[in-house]
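**Q** Shown below is the structure under consideration.
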Amino acid sequence: MALCRAIELISNTTAARASEATLGKLHEAVAKQLLDKVQSGEASVAEINAAIKLLKDNNIVSLVETGDTMSKLYHALPEFDENDK
């Protein structure tokens, strides 16, 4: 996979620190790879978890509006009582 090769090349680089531009490109490449996998329906559980972590780590949130996909997901989730442990 191209992404794995890119990460391998970056880790084998002798430079002390990557530039902000390089890190930005890596961030964009990772996000694009994850987006492509999720949109294709071929994402593994690990890739979906990585996408969720990427969103969370970058403070990306979604507002739930009536009738949208997030709303449907929200209403499909079971409710848990905090007292049930």
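The values are calculated or read from the model by the stated rules, or taken from the named source; none is laboratory data. A quick note: this is a predicted structure, and the numbers were derived from the prediction, not measured. A quick note on method: Cβ atoms are made from the backbone with ideal geometry, for glycine too, and the neighbour counts reach across all protein chains shown.
**Q** Here are some conditions: (1) at pLDDT 80 or above; (2) part of a helix (DSSP H, G or I); (3) surrounded by 10 or more Cβ atoms within 10 Å (Cβ to Cβ). ILE10 meets all but one. Which one does it not meet?
**A** Failing condition for ILE10: (1).
**Q** Just to check your reading of the model, which residue among ASP81, ASP36, ASP57 is acidic (Asp, Glu), on the phi < 0 side of the Ramachandran plot and more than 14 Å from the chain's Cα centre (by Cα)? Before the answer, list the steps.
**A** Numbers: ASP36 fails: more than 14 Å from the chain's Cα centre (by Cα); ASP57 fails: more than 14 Å from the chain's Cα centre (by Cα).
On inspection, the qualifying residue turns out to be ASP81.
**Q** Would you tally the residues in region 61-85 being part of a loop (DSSP other than H, G, I, E, B) and surrounded by 10 or more Cβ atoms within 10 Å (Cβ to Cβ)? Lay out the reasoning, then the answer.
**A** Initially, region 61-85 is screened for residues part of a loop (DSSP other than H, G, I, E, B), giving 61-68, 77-85.
Now restrict to residues that are surrounded by 10 or more Cβ atoms within 10 Å (Cβ to Cβ): 62, 64, 68.
Number of matching residues: 3.
**Q** Which residue pairs have Cβ atoms closer than 8 Å, lie 6 or more positions apart in sequence or on different chains, and pair a first residue in region 72-85 that is under 15 Å from SER62 (Cβ atoms) and modelled with pLDDT of 80 or more with a second residue that is of a type outside the set (Lys, Arg) and assigned to a loop (DSSP other than H, G, I, E, B)?
**A** So the pair list comes out as TYR74/VAL64.
**Q** What are the residue pairs meeting all of these: first residue in region 38-59, first residue in a loop (DSSP other than H, G, I, E, B), second residue surrounded by 10 or more Cβ atoms within 10 Å (Cβ to Cβ), Cβ atoms under 7 Å, and 6 or more apart or on different chains?
**A** Pairs that qualify, where the first residue is in a loop (DSSP other than H, G, I, E, B) and the partner is surrounded by 10 or more Cβ atoms within 10 Å (Cβ to Cβ), are ALA43/LYS37.
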